[in-house]
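Engineer: Pasting a structure here, questions to come.
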Amino acid sequence: SKHCVELDNRTANVTVKPFDLDTGFQFELHVTVSGKKINVSEIPELPIPKDWMRDKLELHFYKTEQAAGGGEIKNVTYNQGSGTAVITFLKPG
């Protein structure tokens, strides 16, 4: 946890300490349901990679299976520019 760092011909003793990153985001989604697909709109632009958002959407709609209205996901198409996504399920429901 202790290190020596040399900067501009000077030595500095530093100590590494853990800290918590605030990585949670909360936002509201607008959803249209049709058989095997859900159209999601008004997804806010967040400072996370496109793949992360796609994974978060997939996990959210897969997890809602226990709360009636989700299920196994076949595909997630996310359009970051328009703030929309299409979630396609394996089975209609």
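The values are calculated or read from the model by the stated rules, or taken from the named source; none is laboratory data. Bear in mind the structure is a predicted one, so any value in this text is a computation, not a measurement. Here Cβ is always computed from backbone atoms with ideal geometry, including for glycine, and neighbour counts include all displayed protein chains.
Engineer: Limited to the stretch 5-42, what total is found for residues that are surrounded by 10 or more Cβ atoms within 10 Å (Cβ to Cβ), hydrophobic (A, V, I, L, M, F, W, C) and at pLDDT 70 or above?
Structural biologist: Final tally of qualifying residues: 4.
Engineer: If you scan the stretch 48-86, which residues turn out to be modelled with pLDDT of 90 or more, under 21 Å from Gly35 (Cβ atoms) and more than 12 Å from the chain's Cα centre (by Cα)?
Structural biologist: Lys74, Asn75, Val76, Thr77, Asn79, Thr84, Ala85, Val86 - these are the residues of the stretch 48-86 that are modelled with pLDDT of 90 or more, under 21 Å from Gly35 (Cβ atoms) and more than 12 Å from the chain's Cα centre (by Cα).
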